[in-house]
Amino acid sequence: ASGIAPAAKPVAGATEPLAASRSLSLKVRSAVANAIAFMEVQQEFGSFSKYIWQFTEGKPIINTPQHLKEVPATTPLSDAISKDLKKRGFKFVGSTVVYAHMQATGMVDDHVAIAGKELANYGVRFTMYDLRIDFEIEFSF
């Protein structure tokens, strides 16, 4: 045995090119499938942004949780987006991943209102400049 993997052989009955390569890992094949699905969405909607923001009618959803435990991991909207993405051929796009994407891109704002005194308990100091808040986190080792 030379330690070199044998060449990939087509999978019987495969209808898509990705299935032809057994040597690719599931995640790599999924990344390729996602890239293809992404380009198809871009072609259909003009951009992925137009596609994804249609679910919120182009406006961010502003939530006002008072405590971190009130911030959900999923919502009915993230469930619906996940279902639509999967229908379009995306992989590894469960509702939790979709909701995290929504938070990261500003589609949803779940920032918890924390008073300055509470922040101090976590070693966070801040100063306000107009509407901007600069955070400095202190670490103790």
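The values are calculated or read from the model by the stated rules, or taken from the named source; none is laboratory data. It should be emphasised that the depicted structure is a prediction, and the values quoted were computed from it without experimental measurement. Cβ placement follows ideal geometry from the backbone for every residue including glycine, while neighbour counts extend to all protein chains displayed. All accessible areas refer to the heavy atoms of the entire protein, side chains included, with ligands and DNA or RNA removed. Shrake-Rupley method; radii C 1.70, N 1.55, O 1.52, S 1.80 Å.
Tabulated data for the structure shown
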{"quantity": "Number of the exception - ARG29 against (1) among the basic types (Lys, Arg); (2) loosely packed, with under 15 Cβ neighbours inside 10 Å; (3) over 19 Å from ALA104 (Cα atoms)", "calculated": "(2)"}
{"quantity": "Top-ranked residue in the range 47-92 [being within 15 Å of the chain's Cα centre (by Cα), in contact (Cβ under 8 Å) with a residue 40 or more places away in the chain and open to solvent by less than 30 Å² (accessible area, probe 1.4 Å); ranked as farthest from ALA37 (Cα to Cα)]", "calculated": "ILE52"}
{"quantity": "Qualifying residue in the range 34-43 (condition: in a loop (DSSP other than H, G, I, E, B), modelled with pLDDT of 95 or more and out of contact with any His (no Cβ under 6 Å at 6 or more places or on another chain))", "calculated": "no"}
